[in-house]
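Notes for the one structure printed next.
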Amino acid sequence: MTQIGAVQPWSLGLTLFVVLAGAALHQGLAAAVAPPTTAPATAAPHKDPSRPERGNYVVNSSNGTVCLLASMGLQLNITFSSLSQNKTVQDVVNIQPNVTKSSGSCDADSASLQLITDAEKTNLTFYFSLNTTSNKYHLSGVLLSAARPDMKAVYVHNNSLDYLRGTLGYSYMCREEQTLIVVPTLSINTFQVQVQPFGLTGKQFGAAEECQLDEDDMLIPIIVGAALAGLVLIVLLAYLIGRKRSHAGYQTI
């Protein structure tokens, strides 16, 4: 008596699972490191002297209540004229919270955060605007004035920006590094940002609205996990079908 078995497709399904799982993981990792193509603020390469320390900044209104909170690491990418080299150079400067004085102002639909550092030689000011119709706010302007050794005095001001968008009563949060382009000669790298320029209750941030970069970072593992779960189900079904057919396919000679 000789038994001849039918081909078992579940083994082929297992091989297919391994191949597809590897491809899914590869694509997920590639998506994780690829910069977004459309975002108000994008991750960008830069020469990094060191990761800037995260500073905590508070602005009080005229009646003494807290009206703006900000917690973030800041790094300036500046292009300026070097006095000693007599040419245009680029530099990366960290804002150091321990030697930085913060101040600012708050109105019904506008707020500002002024940071003065380098023994009062660098003034970096952020301007926020609130749309009272939609209850949405954003970073609308940045001013930088700097006079450091070997630097021809720098003055930059752009009041038509649209970064760090949030909703009244909520804080804007972005754990990922971002680059805010102010003008061609100045951009600002931000790290672990949380800011709320309007609608504060007490001395604490409101509930956080996360940036698109953070949401994308969380979405990628979910997509990869769902894809792998689907592949496991396919292989399981292929295995069960293969076992059923193999039992039915035995022949007796």
(request) Report the residue count in region 141-180 for those that are aliphatic (A, V, I, L, M) and in contact (Cβ under 8 Å) with a residue 40 or more places away in the chain. (result) 8
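Residue-wise test of (1) part of a loop (DSSP other than H, G, I, E, B); (2) under 21 Å from the mean Cα position of the chain (by Cα); (3) over 21 Å from Leu180 (Cβ atoms).
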{"site": "Asn98", "(1), (2), (3)": "no, no, yes"}
{"site": "Ser102", "(1), (2), (3)": "no, no, no"}
{"site": "Tyr127", "(1), (2), (3)": "no, yes, no"}
{"site": "Ser145", "(1), (2), (3)": "no, no, no"}
{"site": "Leu164", "(1), (2), (3)": "no, yes, no"}
(message) Just to be sure I understand, how many residues within region 42-77 are part of a strand (DSSP E or B), at pLDDT 95 or above and surrounded by 13 or more Cβ atoms within 10 Å (Cβ to Cβ)?
(response) 17
(message) Looking only at region 166-209, count every residue that is over 13 Å from the mean Cα position of the chain (by Cα), hydroxyl-bearing (Ser, Thr, Tyr), more than 14 Å from Lys136 (Cα to Cα) and modelled with pLDDT of 95 or more and tell me the total.
(response) 2
(message) Which count do you get for residues in region 104-125 that are at pLDDT below 95 and assigned to a strand (DSSP E or B)?
(response) 2
(message) Considering only residues that are touching a Phe, Trp or Tyr at 6+ places or on another chain (Cβ under 7 Å) and of a type outside the set (Gly, Ala, Ser), which ones fall in region 92-114?
(response) Leu113
(message) I'd like to check something: does region 150-161 contain any residue that is touching a Cys at 6+ places or on another chain (Cβ under 9 Å), open to solvent by less than 20 Å² (accessible area, probe 1.4 Å) and either small (Gly, Ala, Ser) or closer than 25 Å to Ile78 by Cα (or both)?
(response) no
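The values are calculated or read from the model by the stated rules, or taken from the named source; none is laboratory data. Small disclaimer: the values here were computed from a predicted structure and weren't measured. Every residue, glycine among them, receives a Cβ derived from its backbone with ideal geometry; neighbour counts consider all protein chains shown. The protein model used for the area step is the full one, side chains on, heavy atoms only, and it has no ligands, DNA or RNA in it. Shrake-Rupley method; radii C 1.70, N 1.55, O 1.52, S 1.80 Å.
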